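*Asks:* Dropping the structure in here first, questions after.
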Amino acid sequence: MSVNSQKLYEGKAKVLYTTDNPEILLADFKDDATAFNAQKKGRIIDKGRMNCSISSKLFQTLEARGIKTHFIDNPTPNQMRVRAVKILPLEVVVRNIAAGSLCRQTGLELGTLLAKPLVEFYYKNDNLGDPLLTRDRLHLLQLATPEQVDTITHLALQINELLKGFFQQCGITLVDFKLEFGVDSQQQILLADEISPDTCRLWDTSEADPNRRVMDKDRFRQDLGNVEDAYEEVLQRVLQAIEKQNAS
Ligand code: TMP
Ligand code: ASP
């Protein structure tokens, strides 16, 4: 870290630092784990390294397929240099299979395959508990312009197809995930934040047991145990899939 580096922001899972270049920030991934809007707190040993590595590989994979992300490189295994962006206060959730709050709020049975991917916008606001937004509320609060919402929806669906295909090669079913987007100094929309077992639901495709198949933060949320092993397994499968792609 450079001598001029200053802590810019500390979130639940990452600390953001300034660098010598105002266009570049350093994201330091923490081992801290929270759930249910930080009502549950804990630690997942080595999560910083695992999530930073998984996110970096996924961002690189997406970049290679034409998706613009904030990723630059990794100075250390749990740090990511990223392009400075203004994060839009939206949590963009894409769902392929019913789980989590979708089941709780609609009564859909866990594991129901959705006829088409569902894109949802939540207001990124911890004080309000990240509520689900309607398009009209999103525009009422001016959280993004209509053009930005269209662009983000299109990008989220494209990213879903790419990630679904990639995880399939890992023997992992992409149930749902959360994305965040930012706007750079040229008003370009970049995929930002992270894509990791903290922000995705990932099920081991070959495992039918509803507890044993879980390879993501639901292991922590629901006290299923073996959290670290699951994250490390996701990382190893991601690395193997990339190695296979590079070899072919
Ligand atoms: P949900 O079913 O709890 O709404 O979560 C949907 C997806 O979004 C799931 O993959 C976990 C992810 N997520 C986050 O990344 N951050 C959050 O704060 C929440 C609530 C969910
Ligand atoms: N990320 C949220 C929290 O920190 C919620 C979650 O992932 O369950 O509390």
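The values are calculated or read from the model by the stated rules, or taken from the named source; none is laboratory data. Just so it is clear, the structure is predicted and the values come from calculations on it, not from any experiment. Ideal geometry is used to build each Cβ from the backbone, glycine not excepted, and the neighbour counts take in all protein chains shown.
*Asks:* Pairs only if they're at least six apart or on different chains, beta carbon under 6 angstrom, first in the range 123-141 and within 16 Å of ligand 1 (Cβ to nearest atom), second hydrophobic (A, V, I, L, M, F, W, C) and outside any helix (DSSP H, G or I); list them, first residue then second.
*Replies:* Between residues of the range 123-141 that are within 16 Å of ligand 1 (Cβ to nearest atom) and residues that are hydrophobic (A, V, I, L, M, F, W, C) and outside any helix (DSSP H, G or I), the close pairs are Tyr123/Leu133; Lys124/Leu90; Leu133/Phe121.
*Asks:* Residues of the range 50-107 being under 22 Å from Gln222 (Cβ atoms), part of a loop (DSSP other than H, G, I, E, B) and either modelled with pLDDT under 95 or in contact with a Leu (Cβ under 8 Å, 6 or more places away or on another chain) (or both), which ones?
*Replies:* Answer for the range 50-107, where residues must be under 22 Å from Gln222 (Cβ atoms), part of a loop (DSSP other than H, G, I, E, B) and either modelled with pLDDT under 95 or in contact with a Leu (Cβ under 8 Å, 6 or more places away or on another chain) (or both): Ala98, Ala99.
*Asks:* How many of the residues in the range 184-240 are outside any loop (DSSP other than H, G, I, E, B) and small (Gly, Ala, Ser)?
*Replies:* The qualifying residues number 2.
Yes/no matrix, rows are residues, columns are (1) at pLDDT 95 or above; (2) basic (Lys, Arg); (3) on the phi > 0 side of the Ramachandran plot:
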{"position": "Arg137", "(1), (2), (3)": "yes, yes, no"}
{"position": "Ala144", "(1), (2), (3)": "yes, no, no"}
{"position": "Ala156", "(1), (2), (3)": "yes, no, no"}
{"position": "Leu179", "(1), (2), (3)": "yes, no, no"}
{"position": "Ser206", "(1), (2), (3)": "yes, no, no"}
{"position": "Arg212", "(1), (2), (3)": "yes, yes, no"}
{"position": "Gln245", "(1), (2), (3)": "no, no, no"}
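*Asks:* Quick one: in the range 16-47, which of the residues that are within 15 Å of ligand 2 (Cβ to nearest atom), free of Cβ contacts under 8 Å to residues at least 60 places away in the same chain and surrounded by 12 or more Cβ atoms within 10 Å (Cβ to Cβ) is farthest from the chain's Cα centre (by Cα)?
*Replies:* Filtering the range 16-47 for residues that are within 15 Å of ligand 2 (Cβ to nearest atom), free of Cβ contacts under 8 Å to residues at least 60 places away in the same chain and surrounded by 12 or more Cβ atoms within 10 Å (Cβ to Cβ), the one farthest from the chain's Cα centre (by Cα) comes out as Arg43.
*Asks:* Mind counting the residues in the range 144-194 that are among the hydroxyl-bearing types (Ser, Thr, Tyr) and under 19 Å from Thr61 (Cβ atoms)? Even if it seems obvious, please write down each step before you answer.
*Replies:* Keep residues of the range 144-194 that are among the hydroxyl-bearing types (Ser, Thr, Tyr), which gives 145, 151, 153, 173, 185.
Checking the rest, the ones that are also under 19 Å from Thr61 (Cβ atoms) come to 173.
Residues flagged as among the hydroxyl-bearing types (Ser, Thr, Tyr) and under 19 Å from Thr61 (Cβ atoms) within the range 144-194 amount to 1.
*Asks:* Determine which member of the set Lys124, Lys178 is farther than 30 Å from Lys244 by Cα and in contact with an Asp or Glu (Cβ under 8 Å, 6 or more places away or on another chain).
*Replies:* Just a single option satisfies the conditions, and that option is Lys124.
*Asks:* Which of (1) closer than 28 Å to Ile24 by Cβ; (2) away from ligand 1 (no atom under 16 Å from the Cβ) does Ile87 not meet, given it meets every other one?
*Replies:* Looking at each condition in turn, Ile87 falls short on (2).
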